[in-house]
1. First check a/c for the chain, with a ≥ b ≥ c the square roots of the eigenvalues of its C-alpha gyration tensor; if it is under 1.5, answer rounded, and if not, answer prolate when a/b is larger than b/c or oblate otherwise.
2. I need the calculated FRET efficiency for the pair Ile151 and Ala97, taking r as the beta carbon distance and R₀ as 22 Å, to the nearest 0.05.
3. Counting helices only, and only those DSSP H runs with n ≥ 4, report the 222 nm mean residue ellipticity of the chain as the sum of -39,500 (n - 2.57) divided by its residues, in deg cm²/dmol to the nearest 500.
4. Using a Cα-Cα cut-off of under 29 Å, which lysines could be cross-linked to Lys54, ignoring same-chain neighbours fewer than 8 residues away?
5. For the chain, find the longest principal axis of its Cα atoms and tell me its angle to the long axis of helix 30-54, 0 to 90°, nearest 10.
6. Please determine, in degrees from 0 to 90 and to the nearest 10, the orientation of helix 120-138 with respect to the longest principal axis defined by the Cα atoms of the chain, where the helix direction is its Cα long axis.
7. Which Cα, out of Phe100, Ile153, Tyr55, lies furthest along the positive dipole direction of the chain (beta carbon charges, K/R +1, D/E -1)?
8. For the stretch 49-174, what is the accessible area per residue in Å², given a 1.4 Å probe and the full set of protein chains?
Amino acid sequence: MNLPNKLTILRVLMVPVFLVILMIPGIPAGNWIALAVFIAASITDLFDGKIARKYNLITDFGKFMDPLADKLLVCSAMIALIELDRIPAWVVIVIIAREFIISGFRLVASDNGVVIAASWWGKIKTTVQMVMIGFLVADLDVDFINVIEQILIYASLILTVVSLIDYIWKNKSVLSLNK
């Protein structure tokens, strides 16, 4: 097991730690500890890919698990934030629906021997979502920060839709492979 794959597994293992700390009331500085865990998990996403590409450590396990670990981290965080009344459920539904659509699209492509790389729109979307989640986890409840949170929520939503459209448009040939 190489280092990038270990970082991916670590990210998956950090998800329940993050959720427990975030969701259990009364933990002293719980939001800040949860935020630190979330940031650490997010950083593993950055490093596992960079290390894998730099040292040619790309594996089938990593190709499968890295995006799954990202989705698990981001989607579970957003679902928890619904419970904490920090993000509207409909926004999270749209974001998670995009993830299901793209995963299905990738599965069809894979079944036909086509590998679809992540786009810049998708990477920007994920980055904005992670920053948004960080702000929402911190829950500072300051007017100026609340405005930033709202901007990040809607920027995440817009980037989710734009990245979906871009992804499907660039890979529309995959849709005709199963005819």
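The values are calculated or read from the model by the stated rules, or taken from the named source; none is laboratory data. None of the values given here were measured: they were computed from a predicted structure. When we count neighbours, we look across all protein chains shown, and the Cβ atoms used for this are built from the backbone with ideal geometry, even at glycine. Just the protein is used for accessible areas: all its heavy atoms, side chains included, with ligands, DNA and RNA removed. Shrake-Rupley method; radii C 1.70, N 1.55, O 1.52, S 1.80 Å.
1. It comes out oblate by the Cα gyration axes.
2. Numbers: r = 22 Å, r/R0 = 0.99.
It comes out at approximately 0.50.
3. So the helix-based figure for the chain works out to -27500 deg cm²/dmol.
4. Answer for Lys54, where 29 Å is the Cα cut-off: Lys6, Lys63, Lys71, Lys123, Lys125, Lys170, listed by chain and number.
5. Roughly 20 degrees between the two axes.
6. Approximately 20 degrees, to the nearest ten.
7. Value: Tyr55.
8. 56 Å²
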